[in-house]
Amino acid sequence: MSGFQQQCLWEVATPAPIDAGALVGEVKADVCVIGGGITGLSAALQLLEAGKRVCVLEAFEVGHGGSGRNVGLVNAGTWIKPDDVEATLGEKVGGRLNKVLGEAPAKVFEAIERYQIDCQARHQGTLHMAHNAAGLEDLKARESQWRRRGADVELLTGATCVEYCGTDKITGALLDRRAGTINPMGYTKGLAAALLRLGGTLHQQSPVTELHKQADGWLVRTALGTVSTEKVVISTGAYTEGDWTEVQRNFFRGYYYQVASKPLSGAAADSVLPHGQGSWDTRTVLSSIRRDDQGRLLLGSMGKSNNKPDWFVRSWADRIQGHYFPQLGKVDWEMHWTGCIDFTPDHLMKLFEPAPGVVAVTGYNGRGNTTGTVVGHALADYLLKSDTSVLPIPLSRMKALRTAGLRACYYEAGFSLYHAGQCLRVIL
């Protein structure tokens, strides 16, 4: 590769394709999973190992959506603080969700070990970095709240913080030892490969065009085939398209871009996140920072890069890198890409049962690697047992967000203005 191009690093790092062609003709299954991302594949594996016939339909290729294009952080918990989760959902339900998602990183690393997935997995924790005094107070609250719940977290300050982060521009960093990093495309493709090894059925390039109720279950139709099935899992997330489901009306889309450098080496490069944690800062429009196994520096933030000129994206990356890691000098940026996130107004996911035998989920709010793994397992358990107690939160009624399109435009405009300010050195 030469120059600066729009391409997802994780696709380059995970070149082996999944051999699964489009659905052609008629197929019968006990469960049809729509969406070949982390949630759908995790559900499919759980169902397959319980003896069910499973057919997974993916509209593009495995990892095409947020599952393969994200930062690769294996985070614990939700985007909001655990006390806020319980204030929103109630102590009982919120407490259960905090527990399930607090333990979710362990489930990801267990799946990686169980299925022998090669995905650059590092179980070294993550760092939430305070960029100012207000950010430090936020991290102090998070540390206190998670410690009350028995989590292995520690607020790093002073010389220890500088050493772990590789920058003196951070006033404190919350080290969450439950967490870690992966190559998300490698993880997703690894789940798909395990599914095929265990006898599951997977069809790529097979977008669903119709979901139709039948006397004995459901008929899932694509352009070239059908799946007759007893039950259905809808796990398409932010990439849900078409008029066959109301799921896409229950979230609004946001975007997240990343920029990857060419591989870096030497003492200066080794000083950046030297213990292998992935990180993000406390800015309202955050910056994520991590490195891959080739030494690349990966920076990310909210918004799109695919609708901006290369000079703008480079300028933003130079600004963030120069602020946090001036010791690196001039960095050559190699590629950039954008992914889509399904947001909800309260920053919490929603589980649905829009019809008997059909379950769906949306609203991971950027925490799909861990949340998708445990929710996929939970949805499979629910279909197997018909017991809502296996779900991390109760089922919700679908309620369309009438301002979803407006919210998406408003957020994207705000992110673009913020990044323009960073490029112009008006703000940081």
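The values are calculated or read from the model by the stated rules, or taken from the named source; none is laboratory data. Since the model is a prediction, treat every value here as computed from it, not as a measurement. FYI the Cβ positions are ideal-geometry reconstructions off the backbone, even for glycines, and counts take in every protein chain you see. All accessible areas refer to the heavy atoms of the entire protein, side chains included, with ligands and DNA or RNA removed. Shrake-Rupley method; radii C 1.70, N 1.55, O 1.52, S 1.80 Å.
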Mean Cβ count within 10 Å, highest first, over the residues of peptides 188-197, 67-76, 311-320:
67-76, 188-197, 311-320
Karplus (6.51, -1.76, 1.60) ³J(HN,Hα), θ = phi - 60°, over the stretch 281-292, in Hz, Gly and Pro reported as x
9, 8, 4, 4, 9, 5, 10, 9, 9, 7, 10, 9
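Please compare each pair in 107/304; 189/350; 28/213; 28/52; 231/385; 81/140 to a cut-off of 23 Å on the Cα-Cα distance and tell me which ones are over it.
107/304; 189/350
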For the stretch 266-329, take the convex hull of the Cα atoms, compute a quarter of its surface area, and give me that in nm², please.
4.9 nm²
Expressed in angstrom and rounded, the centroid-to-centroid distance over alpha carbons for the stretch 229-256 and the stretch 1-37 is 18 Å
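Arrange the peptides 24-31, 300-307 so that the one whose residues have, on average, the most other Cβ atoms within 10 Å appears first.
Going from most to least packed, we get 300-307, 24-31.
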Calculated SAXS-style log₁₀ I(q)/I(0) at q = 0.11, 0.12, 0.15, 0.19 Å⁻¹ - the stretch 55-144, Debye, Cα scatterers:
-0.47, -0.55, -0.81, -1.09
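Can you give the Rg/Rh ratio of the stretch 154-257, where Rg is from the C-alpha atoms and Rh is the Kirkwood radius?
Here the Rg-to-Rh quotient is 1.19.
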In the neighborhood of residue 399, defined by Cβ-to-Cβ distances under 11 Å, what is the net charge if each Lys or Arg adds +1 and each Asp or Glu adds -1?
+3
Can you check how the C-alpha radius of gyration of the stretch 9-424 compares to 2.2 N^0.38 Å, as a plain ratio?
0.96
Based only on Cα atoms, what mean projected area does the convex hull of the stretch 14-76 have, in nm²?
5.5 nm²
Pairing the Cα long axis of helix 133-148 with the longest principal axis of the chain, what angle in degrees results, from 0 to 90 and rounded to the nearest 10?
50 degrees
Only helical DSSP H runs with n ≥ 4 go in: add -39500 (n - 2.57) per run for the chain, normalise by residue count and round the 222 nm mean residue ellipticity to 500 deg cm²/dmol.
-10500 deg cm²/dmol
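Can you tell me, using C-alpha contacts under 8 Å and at least 6 residues apart, the relative contact order of the chain as a whole percent?
On the way: 958 pairs, mean separation 104.5, N = 428.
This gives 24 percent for the chain.
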Whole-percent pair-distance distribution, where bins are 10 Å wide, for the alpha carbons of the stretch 1-153
8, 27, 30, 23, 9, 1, 0
How far is it, in nm, from the label point at residue 113 to the one at residue 262 when both lie 7 Å from their Cα along the line to the Cβ?
3.9 nm
Of the DSSP beta bridges with both residues in the stretch 9-424, give the percent that are antiparallel, rounding to the nearest 5.
65 percent
The percentage of the accessible area of the chain (probe 1.4 Å, all protein chains present) made up of carbon and sulfur atoms, to the nearest whole number, is 51 percent
Just to check I understand the Karplus step: with θ = phi - 60° and J = 6.51 cos²θ - 1.76 cosθ + 1.60, what whole-Hz values come out for the stretch 171-177, glycine and proline as x?
8, x, 9, 8, 8, 10, 6
The stretch 202-308: C-alpha gyration tensor shape, a/c 1.5 cut-off, then a/b vs b/c:
prolate
In nanometres, the difference between 0.36 nm per residue of separation and the alpha-carbon distance of residue 99 and residue 132 is 8.9 nm
Can you give the Kirkwood hydrodynamic radius of the stretch 72-228 from its Cα pairs, in Å with one decimal?
18.6 Å
If you place +1 on the Cβ of every Lys and Arg, -1 on the Cβ of every Asp and Glu, and leave all else neutral, what size is the dipole of the stretch 9-424 about its Cα centre, to the nearest 20 Debye?
480 debye
Can you order the peptides 391-399, 368-376, 278-286 by their average number of other Cβ atoms within 10 Å per residue, highest first?
368-376, 278-286, 391-399
Check which residues have an amide H placed less than 5 Å from residue 172's amide H, if you skip close sequence neighbours.
130
Between the stretch 160-222 and the stretch 363-420, what's the alpha-carbon centroid distance in Å?
14 Å
Result for the chain: accessible area per residue, probe 1.4 angstrom, in square angstrom, of 41 Å²
